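Undergrad: Take this structure first; my questions come after.
We did not get these values from a lab; they are worked out from the coordinates using the rules stated. The structure presented is a predicted model; accordingly, all values stated were derived computationally and were not measured. Here the Cβ is made from the backbone with ideal geometry for all residues, glycine too, and neighbour counts use every protein chain on show.
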Amino acid sequence: MRDRLVSLYPELMRKDNLGLKPNDALFHAEANALLRAVADKTNSLSGREFVVGIDRGLCFSCELVLPKLGLQVGNPKVTFVDGNGDVWIMRDGVWLKRGRR
């Protein structure tokens, strides 16, 4: 998935050192939840809606990468509720909402 995102979004993803920010987002729990969900649903989350609770604030790498990852796994509508009480809703490769409940 990292290679696919680097290829599709070279302006966003690092090409020189693949393990650095923001590419590290693909190893975070938020991305892991999406990747595990898509593995259970025949490789597409199209038409699905999810709520994912996380115990910390959403990091900058996840803020950049998660919407693009969402497109690659079928473009579900995903609501992240972070440990700071902020709500992040993504769909169509962008954040629809970012901020307090």
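Undergrad: Ignoring solvent entirely, what values of log10 I(q)/I(0) come out of the Debye formula for region 12-101 at 0.15, 0.18, 0.21, 0.25 Å⁻¹ when each Cα is a single scatterer?
TA: Debye output, listed in q order: -0.52, -0.75, -1.01, -1.33.
Undergrad: Would you tally the net charge around Y9, using a Cβ to Cβ cut-off of less than 13 Å, leaving Y9 out, and scoring K and R as +1, D and E as -1? Don't skip to the answer; put the middle values down first.
TA: Details: positive: R2, R4, R14, K15, K68; negative: D3, E11.
My count for the surroundings of Y9 gives +3.
Undergrad: To continue, here is another question. Which residue, K68, K77, K21, tops the fluctuation ranking in a GNM of the chain built on C-alpha contacts under 10 Å?
TA: K21
Undergrad: Exactly which GluC sites (Glu not before Pro) in region 1-61 are in a DSSP loop and have at most 10 other Cβ atoms within 10 Å? Don't skip to the answer; put the middle values down first.
TA: Values: sites: E11, E30, E49; in loops: E11.
Those satisfying the criteria are E11.
Undergrad: On to the next question. Nearest 0.05, what FRET efficiency do R56 and S7 give at R0 = 25 Å with Cβ-Cβ as r? Provide the component values of the computation, followed by the final result.
TA: On the way: r = 29 Å, r/R0 = 1.18.
Calculated transfer efficiency: 0.25.
Undergrad: What are the ³J(HN,Hα) values, in whole Hz, obtained from phi via the Karplus relation 6.51 cos²θ - 1.76 cosθ + 1.60 with θ = phi - 60°, for each residue of region 56-66 in sequence order, with x given for Gly and Pro?
TA: 10, x, 5, 7, 4, 4, 5, 4, 7, 8, 4
Undergrad: Just subtract the alpha-carbon distance of D86 and N17 from 0.36 nm times their residue separation and send over the number in nm, one decimal. It would help to have the intermediate numbers written out before the result.
TA: Numbers: separation 69, 0.36 × 69 = 24.84 nm, distance 3.07 nm.
Full-extension gain reported as 21.8 nm.
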